[in-house]
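Novice: For reference, the structure I am asking about is given below.
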Amino acid sequence: MTLRGKHIIVGVTGSIAAYKSALLVRELVKAGAEVRVVMTPSACEFITPLTLATLSQADVVLDMFPQDRAKGTWHIHLGVWADLLIIAPASANTIAKLAHGMADNALTSLALAVRCPLMVAPAMDTDMYVHVATQANIDVLRRRGAAIIEPESGELASGLVGPGRLPDMPVIMEAVTAHFAARAGDLAGLAVLITAGPTQEAIDPVRYIGNRSSGKMGFAVAEAAARRGAAVTLVAGPVSQPTPDGVERIDVSSAGEMHAAVMERAASQDICVLAAAVADFTPEAPAEQKIKKSADNDAGLHIALKRTPDILRSLGERKGESVLIGFALETENERVNAERKLREKNADMIVLNNPRIEGAGFGGDTNVATLIHADGRAEELQVMAKSALADIILDRALAIRSLRTE
Ligand code: CTP
């Protein structure tokens, strides 16, 4: 019963392999999962909803607009309920719709509403599978963080031979169980502190100096650390991200407040990940009243700035056994600057971003990072979802910690 208590949605699309979804539902239920099935209209041409309703012991979702109008927000409820959405088999058509965020049937609408990870098992004729359009769409899903269960090569329903066959059930079940087992609980017993988002430095009561950080990267690390069992403290600048489950969030505004909140809690942390884009300068003397236009400032306004406390440096000075990870956003001499930062601030690793590379930087859901290690190694990572990068950062933090405590 490796999947006991897990809530899994099986999405079924119009592919000759749709009959295998019955086996998948049966295996998932046998492994202890609670299963709901959502079918596209074409899927019903290949397998009957009655079969899947019987095996999943629940009504199958078929319609965008159910007869019972009170249930019109079913996709939102199901989206919150699910721990995993697996679309198997996934047709070329559904993959294309997912890649473009279309919501024209029950399954594609649900795929936009779910908050859980997505697994996609493409199954189609070889020529459709290898077509550049399909491959590009699969790549979009992969970059967005979806797990792709690669099709197998073999004889297809058309008689052609090549890749496109839905893998046998043990392969799909292995992917599902590995997904839930991966890294589960490996941070249990550890305290992890994360900073995220921008800071706002007051110029007067209504104006501030800020930056474009969305906080997504730091929040992704907090979410991953909590999922992996850590006690997580997230010190967040002003952002509009939802607080991940199980995370203690402390909202701050300025660099000074962030510094104070972090230092208060630093001694008890095992891992600190400083992803916040902290302002380096703050107005020396913020005006008490809103600054008005006047004859005095007709020629322009000069605001004197002073340096803010450097949180990463302060932690580096007293880090003891804890693991300290910083970020660097560089647009030139990236490696050299990041290595200098690592040494000067006594960090164990720097996550280096170059916002000019496509897929990296502020606001987006993906990032392209190079991990700079204390021993001089530079690990260049591919473009990936911020959630996937978050897990890699925590993997490296754990590895550094185990070397240190050996
Ligand atoms: N940082 C911090 N406190 C500050 C400034 C930065 O903790 N007052 C942390 C950031 O969270 C990040 C790293 O230090 O982990 C970034 O270093 P920083 O030197 O600020 O980088 P940049 O601003 O990108 O660099 P610089 O101004 O030195 O080019």
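Values in this text are rule-based calculations from the coordinates and carry no lab data. Just so it is clear, the structure is predicted and the values come from calculations on it, not from any experiment. In this analysis, Cβ positions are derived from the backbone assuming ideal geometry, glycine residues included, and neighbour counts consider all displayed protein chains.
Novice: Can you classify the stretch 89-181 as rounded, prolate or oblate using the Cα gyration tensor, where a ≥ b ≥ c are the square roots of its eigenvalues, rounded means a/c under 1.5, and otherwise it's prolate if a/b beats b/c and oblate if not? If you can, show how the numbers build up before the last one.
Specialist: Working: a/c = 1.95, a/b = 1.22, b/c = 1.60.
Judged from the Cα gyration tensor, the stretch 89-181 comes out oblate (a/c at least 1.5, b/c at or above a/b).
Novice: If only Cα atoms are counted, what is the Rg of the stretch 82-143, and what is its Dmax, in Å?
Specialist: Rg then Dmax for the stretch 82-143, in Å: 11.2, 33.
Novice: Rounded if a/c is under 1.5, else prolate if a/b beats b/c, else oblate: with a ≥ b ≥ c from the C-alpha gyration tensor eigenvalues square-rooted, which is the stretch 16-124?
Specialist: Details: a/c = 1.27, a/b = 1.08, b/c = 1.18.
It is rounded, given that a/c, with a ≥ b ≥ c, falls under 1.5.
Novice: Here is a further query. Just to be sure I understand the curve: with the Debye formula and one point per C-alpha of the stretch 278-406, what is log10 I(q)/I(0) at q = 0.12, 0.13, 0.14 Å⁻¹?
Specialist: -0.60, -0.67, -0.74
Novice: How much FRET efficiency would the formula 1/(1 + (r/R0)^6) give for D298 and A202, where r is the Cβ-Cβ distance and R0 is 25 Å, rounded to 0.05?
Specialist: Numbers: r = 24 Å, r/R0 = 0.95.
Using R0 = 25 Å, I get an efficiency of 0.60.
Novice: Would you mind telling me the antiparallel percentage of the DSSP bridges in the chain, rounded to 5?
Specialist: Details: 19 of 61 bridges.
Approximately 30 percent, going by the DSSP bridge assignments.
Novice: Using only the alpha carbons of the chain, what is the convex hull's orientation-averaged projected area in square nanometres?
Specialist: 25.1 nm²
Novice: Using a 7 Å offset from the Cα along the Cα-to-Cβ direction at both E380 and I392, what is the distance between the two label points in nm, to one decimal?
Specialist: 1.2 nm
Novice: How many Lys pairs in the stretch 1-124 lie less than 25 angstrom apart by Cα atoms, where the lysines are 8 or more positions apart or on different chains? Walk me through the intermediate numbers first.
Specialist: On the way: K6/K20; K6/K30; K6/K71; K20/K30; K20/K97; K71/K97.
For the stretch 1-124, qualifying lysine pairs total 6.
Novice: Packing-wise, with mean Cβ within 10 Å as the measure, how do 268-276, 55-63, 304-312 rank, highest first?
Specialist: On the way: 268-276: 23.8, 55-63: 17.4, 304-312: 15.9.
Going by the mean number of other Cβ atoms within 10 Å, highest first, we get 268-276, 55-63, 304-312.
Novice: Ranking request for peptides 156-166, 388-398, 222-232, 363-373: highest mean number of other beta-carbon atoms within 10 Å first, then the rest in descending order.
Specialist: On the way: 156-166: 16.8, 388-398: 21.4, 222-232: 24.0, 363-373: 18.8.
Highest mean packing first, the order is 222-232, 388-398, 363-373, 156-166.
Novice: A further question follows. Quick one: length gained pulling W81 to A360 fully straight, 0.36 nm per residue minus the C-alpha distance? List each step's numbers first, then the result.
Specialist: Details: separation 279, 0.36 × 279 = 100.44 nm, distance 3.08 nm.
Here the answer is 97.4 nm.
Novice: Compute the acute angle (0 to 90°) between the alpha-carbon long axis of helix 20-30 and the principal axis of greatest extent of the alpha-carbon atoms of the chain; round to the nearest 10°.
Specialist: 70 degrees
Novice: Next up: Given the C-alpha centroids of the stretch 42-94 and the stretch 240-262, what is the distance between them in whole angstrom?
Specialist: Answer, in whole Å: 38.
Novice: Now for a different question. Go through the stretch 1-93 and name the trypsin sites (Lys or Arg not before Pro) that are in a DSSP coil and have 10 or fewer other Cβ atoms within 10 Å of their Cβ.
Specialist: Working: sites: R4, K6, K20, R26, K30, R36, R69, K71; in loops: R4, K6.
Answer in residue order: R4.
Novice: Run the numbers for A96 and M1: contour at 0.36 nm per residue of separation, minus the present Cα-Cα distance, in nm.
Specialist: Working: separation 95, 0.36 × 95 = 34.20 nm, distance 3.44 nm.
Working it through step by step, the gained length comes to 30.8 nm.
Novice: Run the simple label-point estimate for E317 and N333 please: 7 Å along Cα→C-beta, distance reported in nm.
Specialist: 2.5 nm
Novice: Rounded to the nearest 5, what % of DSSP beta bridges with both residues in the stretch 7-181 are antiparallel? Walk me through the numbers before you get to the answer.
Specialist: Numbers: 4 of 21 bridges.
Taking every DSSP beta bridge within the stretch 7-181, about 20 percent pair in antiparallel fashion.
Novice: For A285 and K306, calculate 0.36 nm times their separation in residues minus their Cα-Cα distance, and state this gained length in nm to one decimal.
Specialist: Values: separation 21, 0.36 × 21 = 7.56 nm, distance 0.92 nm.
Result: 6.6 nm gained on full extension.
Novice: In nm, to one decimal, how far is the A133 label point from the L50 one, both placed 7 Å along Cα→Cβ?
Specialist: 3.6 nm
Novice: OK, next. Tell me, what is the FRET efficiency for R212 and D168 to the nearest 0.05, using R0 = 60 angstrom and their Cβ-Cβ distance as r? Numbers along the way, then the final one.
Specialist: Details: r = 48 Å, r/R0 = 0.79.
The pair R212/D168 has a calculated efficiency of 0.80.
Novice: Given the rule -39500 (n - 2.57) for each run of at least 4 DSSP H residues, summed and divided by the residues of the chain, what is its mean residue ellipticity at 222 nm, to the nearest 500 deg cm²/dmol?
Specialist: Values: 14 runs with 140 residues, N = 406.
About -10000 deg cm²/dmol.
Novice: Per residue and in Å³, how big is the convex hull formed by the alpha-carbon atoms of the stretch 191-405?
Specialist: On the way: hull volume 28.5 nm³, N = 215.
Enclosed volume per residue, from the Cα hull, is 133 Å³.
Novice: Here is a follow-up. Just want to confirm a number: the relative contact order over the chain, from Cα pairs under 8 angstrom separated by 6+ residues, in percent.
Specialist: Values: 858 pairs, mean separation 44.6, N = 406.
Rounded, it is 11 percent for the chain.
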